[in-house]
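J.: Quick one: the structure is below, questions incoming.
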Amino acid sequence: MAAKKENYLIILEGNGVIREIDLNALRQERISFGRDSTNPIVLNSPIVSKHHGVFQFFKGSLIIYDTRSTNGIYVNDKYLRTEANGETPIFKLHDGDIIRIDSRNLINGHSKGVMMYYTTVKTPGGWKKTNISNINSLTIGRDKKSDIYLESVKVSRRHAAIVHKSGGCYIQDLKSANGIFVNGQRVITEKRLKERDIIYIANSMFIYTAETLLYKTDTGGTRVVMQNISRTVKVKGKPKKILDSVNLTVEPNEFVAIIGGSGAGKSTVMNAMSGFEQATEGCVMVNNVDLYKNYQVLKNIIGYVPQQDIIYENITLQKMLEYSAQMRISDDVSKAERMQRINDVLNMVDLTEHRDKFIRSLSGGQKKRASIAVEMLADPGLFFLDEPTSGLDPGTEATLMKTLNRLSKQRGKTIIMVTHTTQNLHLCDKILFMGVGGKVCFYGTPGECMDFFGVNNLTEIYNKVLDPQAAAYWAHRYVTEYGYNSDTKSGASGSVKDKKVSIIKQFGILSARYMTLIKNDIQRLLMIFIQPVLIAILIAAVAKDDVFTDYSSTRSILFAVSCAGIWVGLFSSIQEICKERSILKREYMANLRLGAYVLSKFVVQLLLSAIQALIMVSMLYMTIGHSDYELITESGYFEMFVTMFFTVFSSASIGLIVSALSKNNDKAMTVAPFLLIVQLLFSGILFELDGITEKISYLTVSRWSVSAFGSIANLNELASGIPEREVESIYEFSVSNLTRSWTILSAFVVVCFVASMIILRNVKNDSR
């Protein structure tokens with residue numbers, strides 16, 4: 001069973017002294033606070049009334065309310081005070097809420113009030129204090145030379161600075177990767193600090209006062225609050241609500257499972273909670289910060305493991321993590337720091353002894369843990385997993401569930417997963433049971449869930465919520481018995497632009513990874529380079545002795561050579577994007593620059609195309625010889641090589657477009673024969689083209705490839721002895737005609753590159 005929820009208060013009084021109180025240890029359902037010594041929590045401040053307010057445990061949560069105090073209570077800047085008519089407003093507290101008995105307009109000087117910070121996680125270590133009253137500036141970062149050193153990969157080397165100006169004290173963002181938040185609001189460039197502002201930098205919390213800066217590292221996990229979340233989509237032109245007023249809180253370091261029948265909205269609620277698909281109504285708060293308004297920054301603390309593995313098969317686990325670390329971790333992290341992080345992550349998921357194995361040799365459960373390891377590299381506090389146990393045997397599934405439970409409790413991760421298996425849900429802290437129409441039928445511990453539905457095991461619940469009426473009944477009953485409205489909080493207004501990572505750096509990493517994958521796939525590598533050899537040998541076998549002297553024979557062979565180049569190019573690239581689509585989608589949702597990704601594919605294909613063209617042309621020269629007409633070089637080798645290169649590369653570029661459009665390998669390969677047939681029909685060799693068919697031919701690689709090859713072989717001269725043959729302008733024996741064909745084939749590559757980028761922008765909309 002899940003451990004009892006913890007409740008702590010961090011109290012800062014006017015004298016600068018900080019205290020931590022374990023509310024559970026007081027063993028009282030109603031805990032009053034005030035200046036009088038009879039209160040369980042005594043606050044030493046003249047602003048505080050003798051009996052100021054009360055903390056009270058209610059239905060598993062903690063609420064706060066005023067008890068006719070003089071100055072009232074501020075909770076996240078919302079003012080609570082008993083009304084004249086005796087009505088007492090209450091506030092349901094969430095981890096990270098800030099309670100003040102003071103004026104929030106206080107900027108300069110000492111405060112005589114009290115600030116209390118509520119948290120559900122006990123954090124190790126004590127509070128540190130730095131005097132800032134006599135210094136002009138103070139730096140915070142991962143650089144050990146910083147005035148305040150924070151050891152975390154989420155902290156930039158030079159992250160922030162606190163400076164004194166004539167107008168007051170300001171905190172500045174020094175172009176950090178993961179930003180600064182003051183009282184839940186993102187600091188864009190700088191912000192003037194008020195007395196007792198709460199500052200968050202990665203996993204560290206700071207409390208500002210006029211003279212000191214109090215701070216503590218590793219302040220616990222990540223809390224998620226969904227407030228009135230609904231999502232409506234259009235189905236056949238009509239609106240349909242697929243999420244219906246979801247209200248729930250996931251506390252730090254909790255392990256939560258989302259279960260329910262088909263069409264209940266399990267993945268939809270998780271995607272809304274993670275920000276991958278924003279809700280149409282309501283908001284999601286992550287550690288008191290609005291996720292939707294600050295997604296470009298907060299996405300860096302979110303890990304997401306889709307149902308499909310986000311790892312490559314033909315690479316060692318160590319290499320996979322090295323490339324991923326370079327992509328996911330900030331640029332200012334050294335290689336030694338990255339390697340240490342990889343070691344830590346491998347230890348977290350119990351894969352250290354498998355680090356040098358190819359991922360294809362790992363078991364299903366090990367591959368799933370490897371996917372988790374990739375996401376752990378950037379040290380996210382919030383983890384989402386979509387059907388992580390799908391396809392695993394019972395033993396492996398139990399092992400994975402224990403790993404996730406351990407990560408949440410020992411590594412400070414808040415973990416939320418969608419699952420359809422119920423055998424090991426006792427390892428979860430809470431269960432979210434979704435009903436038809438996206439309704440919350442229950443949210444609580446596994447034991448509470450079974451008691452609520454009156455069943456002996458969780459599987460029996462599915463039969464109780466089979467139809468919309470039943471789901472509506474249980475959802476209403478849950479709200480009646482467990483739910484009540486709490487005050488909502490607003491995050492920072494406006495949108496925050498994503499901090500752009502270096503496209504050049506990403507291009508280098510992605511290109512190196514792509515070449516490593518090709519090098520490790522020996523069977524495919526052999527096919528790539530043996531194919532041109534075999535094709536050249538087969539072409540030589542059917543070639544007649546009068547090639548390059550007879551028009552018909554030469555034309556036929558050049559057509560075969562052109563078609564061979566087209567096929568080689570298509571074969572090399574048509575599966576290169578679709579086969580890694582799930583990885584691409586996840587990396588794009590993190591920080592991948594599409595330009596870098598597509599460029600890496602095209603550049604590596606350019607190198608492969610050059611090698612393939614070199615092999616094929618060399619073999620053809622050795623087997624069937626060459627033309628005696630001199631266009632640029634005496635043997636025509638250079639011209640033939642360049643033409644073959646452009647033929648292969650432009651065809652490979654078309655293959656990359658098809659791969660970008662396709663969701664899987666099978667769909668891509670289905671298109672390949674059609675593309676080849678189009679090239680054959682509209683090449684102008686098999687059939688005489690005119691009118692619309694001739695115009696269509698201008699859009700094919702084969703037309704311009706044959707044109708270039710025909711120009712090199714001077715086909716018009718070979719046809720001069722045939723009375724019925726007319727001189728064809730596309731075979732004109734001139735450098736200008738040849739370079740025109742090369743230019744058009746190059747244009748195909750450019751168009752395909754741009755089109756691939758445009759197409760892949762929709763990869764984030766793939767069905768999840």
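Only the coordinates and a few stated rules stand behind these numbers; no lab work does. Since the model is a prediction, treat every value here as computed from it, not as a measurement. Positions of Cβ are generated from backbone atoms using ideal geometry, with glycine treated the same way; all protein chains shown enter the neighbour counts.
J.: State log₁₀ I(q)/I(0) for the stretch 561-703 at q = 0.17 Å⁻¹ as given by the Debye formula over alpha-carbon point scatterers of equal weight, solvent excluded.
T.: Cα-only, vacuum Debye calculation for the stretch 561-703: -0.99.
J.: Do any of Lys59/Lys240; Lys175/Lys663; Lys154/Lys519; Lys357/Lys585; Lys145/Lys585 go past 31 Å between their Cα atoms, and which?
T.: Values: Lys59/Lys240 33 Å; Lys175/Lys663 37 Å; Lys154/Lys519 33 Å; Lys357/Lys585 25 Å; Lys145/Lys585 38 Å.
From the list (Lys59/Lys240; Lys175/Lys663; Lys154/Lys519; Lys357/Lys585; Lys145/Lys585), the Cα-Cα distance tops 31 Å for Lys59/Lys240; Lys175/Lys663; Lys154/Lys519; Lys145/Lys585.
J.: Please give the charge dipole size of the stretch 29-73, origin at the Cα centre, charges +1 on K and R Cβ atoms and -1 on D and E Cβ atoms. Round to the nearest 20 debye. Don't skip to the end; give the middle numbers.
T.: Values: 5 positive and 3 negative charges, 9 e Å.
Magnitude of the dipole: close to 40 debye.
J.: In addition: Dipole magnitude of the stretch 353-469 about its Cα centre, charges +1 at Lys/Arg Cβ and -1 at Asp/Glu Cβ only, in debye to the nearest 20? Let's see the in-between values first.
T.: Values: 14 positive and 13 negative charges, 88 e Å.
Taking the Cα centre of the stretch 353-469 as origin, the dipole is about 420 debye.
J.: Between Ser230, Gly34, Met619, whose Cα lies farthest towards the positive end of the dipole of the chain when Lys and Arg beta carbons carry +1 and Asp and Glu beta carbons carry -1, centred on the Cα centre?
T.: Most positive-ward Cα: Gly34.
J.: Around Pro40, with a cut-off of 15 angstrom between Cβ atoms, what is the net charge of the other residues, counting Lys and Arg +1 and Asp and Glu -1?
T.: Details: positive: Arg19, Arg27, Arg30, Arg35, Lys50; negative: Glu20, Asp22, Glu29, Asp36.
Here the count lands on +1.
J.: So for the chain, taking the charge dipole from beta-carbon charges (+1 Lys/Arg, -1 Asp/Glu), which of Tyr8, Tyr473, Leu291 sits furthest toward the positive end?
T.: Tyr8
J.: Here is a follow-up. Along the positive direction of the dipole of the chain (beta-carbon charges: Lys, Arg +1; Asp, Glu -1; about the Cα centre), which of Ser582, Ala25, Val345 reaches farthest?
T.: Projecting each Cα onto the dipole axis, the largest value belongs to Ala25.
J.: Right, next: Gap in Å between the Cα centre of the stretch 153-211 and the Cα centre of the stretch 392-448?
T.: Rounded to whole Å, the Cα centres lie 36 Å apart.
J.: Now for a separate question. Ranking request for peptides 614-622, 518-526: highest mean number of other beta-carbon atoms within 10 Å first, then the rest in descending order. Walk me through the numbers on the way to the answer.
T.: Numbers: 614-622: 19.1, 518-526: 13.1.
So the order, starting with the most tightly packed, is 614-622, 518-526.
J.: Residues with beta-carbon under 12 Å from that of Phe709, excluding Phe709: net charge, scoring Lys, Arg +1 and Asp, Glu -1? Don't skip to the end; give the middle numbers.
T.: Details: positive: Arg555, Arg703; negative: Glu639.
Net charge in that neighbourhood comes out at +1.
J.: Rounded to the nearest Å, what's the spacing between the alpha carbon centres of the stretch 653-667 and the stretch 571-640? Just the number, please.
T.: What the calculation gives is 16 Å, centre to centre.
J.: If we count every other residue with Cβ under 9 angstrom of Ala325's Cβ, Lys/Arg +1 and Asp/Glu -1, where does the sum land? Before the final figure, lay out each step's value.
T.: Working: positive: Arg328, Arg338, Arg341; negative: Glu322.
For residues surrounding Ala325, the net value is +2.
J.: Work out the length of the dipole vector of the chain about its Cα centre, built from +1 on the beta-carbon of each Lys and Arg and -1 on the beta-carbon of each Asp and Glu, and round it to the nearest 20 debye. It would help to have the intermediate numbers written out before the result.
T.: Working: 87 positive and 73 negative charges, 609 e Å.
Rounded to the nearest 20 debye, it is 2920 debye.
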